[in-house]
Amino acid sequence: MVKSNPLALLPIVVFLVVYLGLGITFEYILGVEMGFYSIPIVVALLIAIFVGCLQNRKLNLDEKLQVMADGLTDRNILTMVLIYLVAGTFVGVVGRSSAESVVYFTLSFIPARYAVVALFVVACFVSLTMGTSVGTVTLVVPIAVAVSDASGFGLPICVAAVVGGAMFGDNLSFISDTTIAACNGQGCEMKDKFKQNFKIAVPAALVTLVIILIISLNTDINKSVDKSYNLIQLIPYVLVLICGIIGLNVFGVLLLGVVSGAIIMLATGESSFTELITNMGTGCSGMFESSIIAILVANMSALIREAGGFEALLNGTKRVFKGNRGGQLGMGVLVSIIDVATANNTVAIIMSNPIAKEMQKEYNINPRRAASLLDTFSCVFQGIIPYGAQMLVAISTCNSLKHSITAFQVIPLLFYPYLLFVSSLFFIFFNIGKFFKRNKGLNSEDGTIGENDHVIIETDITDSKK
C-alpha cells in the first residue's frame, strides 16, 4: 500500500502557481488582451512534471519514466484522445455556417419581446450540438449584440443569456470535451452521465427561462432580428443529438455526423471538396492541445499517485467530508477549486479524475454520478469567473463590434450558472431519484450493468434519513 505523503501534491501546486500566476500577470498587470489564455498550459504542465520527477528519491529517473508510461496504459486516456480528435473533425466539417443556421432559424419565428429568451435557448441548443461553450459564445455573441441594438434590451443581459446557454450545452453535450473527460475518467457511459446531468441542468435552465421572461416582459422593446438560414444544415446536429441520446456508440455517432455533414456541405455548395478536407484537418488540430493536456496530466498524476499524494488527499478529504453525500460534495469542491485556479473546466476535470476515481470507491459513489458532478461543478465556476475563456471571448467580441462592456456588468446577470450550483447541491443532499425512474447502475471498471447500484441506492436512502 502506498504511504500517504502530502508533499507529493507539490507538482499540482507548482502547476497552479505557474499557470495562474503568469495568467494574472499577463491579463491584469501587463494588460495583454486574452492574456490568461496566452500562457502555454503545456509548458506549465511540463514544469510540474519536472518537479514531480525531482521527488520520490526511492525511484531513479528510468523508473519514474516507467511510472509515467504506466499512467498512459489506462484505456480511458486513449479513448479520450481519439474522441477529442473525431469530435474536432465533426466541428470542422459542419463549420460556422451550419451553426449560424441553427441560430437564425430559431430567431426567425420568435417575437422581439422574447429575443433574450430566444438567445438563451439558441445558445443552449448550439452548445449542445457543437459541444463547445467558447465556440458558442464566439458564434452567438455577435447576434446578441445585434439583438440588443435592434430590440432595446441591455447588452449585459443579452451577453449573459448567451454565456449561460453556452455552459448548459457544454455540460450536457455528448461531444463536449468536458463530457468526454468526465465519462472516460470515471468509467461510465455518456448516455448515463447525460441522464444524471439532465436532472441537474434542466431545472436550472427552466428557472432561468422564467427569470429572463419576467425581465423581458418588463422591458421596452423595438423590433426583431431577421437573417437568412439554410434549414438542411441543421441535419448533422440533430442526428448527433438524437443518436447520442439513444445511446449509440460515441464514435459511431460522431462518424455519422461527419459523413452526413460532409454530404450536406458538398451538396449545398457550402464547401468544395478541398475546403472540406482542409476544414477536417483544422477541426482535428483544434483538439491537439486538449489531447496533449490529457496525456501530460496522466503522466503527472501517475507520479503523484506513486509518491503517495492521492492517498494524502483522500485522507484529508475523509477528515472533512463524511458519508456518501459528503464525498459527492468533496468532488464538487475539488474540481471547483482547480477550475477557479486554471480557468479551464476540461483541465480541471482531467486533473480531478484520478482523485475523484479514488473518492468514488472510498465513498461508494456511482460512476455516472461522479462524472456528472465533476462536469457540472466545473461548468458552474467556468461560466462565472471573469478571466474564463467564455467571458473573455464575449467581452472581446463586444469590444470588436464597438460596444463597451465589462465582465462585472455581465456576472450579476448570469442566472443559469448560479441556479446550476443550487440545483447541484439539491441533487447531492436530497434524494431526487425517487422523482425519476431509477436506472440500473454501471460498474466503474468495465461498464457492465448493475453490480453496485443497490448499494448506492441504499446509501442514498440511509443518508436521507439522517
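The values are calculated or read from the model by the stated rules, or taken from the named source; none is laboratory data. Predicted model only: the values in this text are computed from it and were never measured. Quick reminder, even Gly has a Cβ in these numbers, built from the backbone with ideal geometry, and neighbours come from all protein chains shown. We work out accessible area using only protein heavy atoms, side chains counted, and drop any ligands, DNA or RNA first. Shrake-Rupley method; radii C 1.70, N 1.55, O 1.52, S 1.80 Å.
With +1 on each Lys and Arg Cβ and -1 on each Asp and Glu Cβ, and nothing else charged, work out how big the dipole of the range 6-429 is about its Cα centre, in Debye to the nearest 20.
960
Could you tell me the center-to-center distance, by alpha carbons, between the range 365-393 and the range 168-213 in angstrom?
Using only Cα atoms to place each centre, the spacing works out to 10 Å.
Along the three principal axes, how long is the range 6-429 when you take its alpha carbons, biggest first, rounded to the nearest angstrom?
Here the spans come out as 70, 47, 44 Å, largest first.
Using a 1.4 Å probe over the heavy atoms of the protein chains, calculate the carbon and sulfur portion of the accessible area of the range 121-162 as a whole percent.
Of the solvent-accessible surface of the range 121-162, carbon and sulfur hold 73 percent.
Which residues in the range 43-64 have a backbone N closer than 20 Å to a point placed 7 Å from the Cα of residue 25 along the Cα-to-Cβ line?
43-52
Within the accessible area of the range 291-395, what % is carbon and sulfur when the probe is 1.4 Å and the other protein chains stay in place?
With neighbouring chains kept in place, the figure for the range 291-395 is 62 percent.
What are the ³J(HN,Hα) couplings of the range 47-64, residue after residue, when phi is run through the Karplus curve with 6.51, -1.76, 1.60 and θ = phi - 60°? Round to Hz, x for glycine and proline.
4, 5, 5, 4, 4, x, 5, 6, 8, 6, 6, 5, 10, 7, 4, 4, 5, 5
Determine the per residue accessible area of the range 6-429 with all protein chains present and a 1.4 angstrom probe, expressed in square angstrom.
38
Accessible area of residue 350, 1.4 Å probe, to the nearest 10 Å²?
Its accessible surface works out to 10 Å², give or take rounding.
Which one, 132, 274, 376, is farthest towards the positive end of the dipole of the range 6-429 when Lys and Arg carry +1 and Asp and Glu -1 on their Cβ?
376
Report the calculated FRET efficiency for residue 33 and residue 274 (r = Cβ-Cβ distance, R0 = 41 Å), to the nearest 0.05.
Here the calculated transfer efficiency is 0.80.
Hey, rough spin-label estimate for residue 230 and residue 408, points 7 angstrom out along Cα→Cβ, what's it come to in nanometres?
If labels sit at residue 230 and residue 408, their model points lie 4.5 nm apart.
Pulled fully out, how much extra length does the chain show between residue 66 and residue 256, if you take 0.36 nm times their separation in residues and subtract their Cα-Cα distance?
64.6 nm
Quick one: of 3/64; 3/193; 58/318, which pairs are farther than 21 Å apart, Cα to Cα?
Cα-Cα > 21 Å for 3/193; 58/318; rest within.
So, R0 is 22 Å and r is the distance between the beta-carbons of residue 282 and residue 46; what FRET efficiency does that work out to, to 0.05?
0.30
Report the accessible area of residue 404, computed with a 1.4 Å probe over the heavy atoms of all protein chains in place, in Å² rounded to the nearest 10.
Approximately 110 Å² for this residue.
Sort 179, 138 by heavy-atom solvent-accessible area, probe 1.4 angstrom, most to least.
Sorted descending by solvent-accessible area, the residues read 138, 179.
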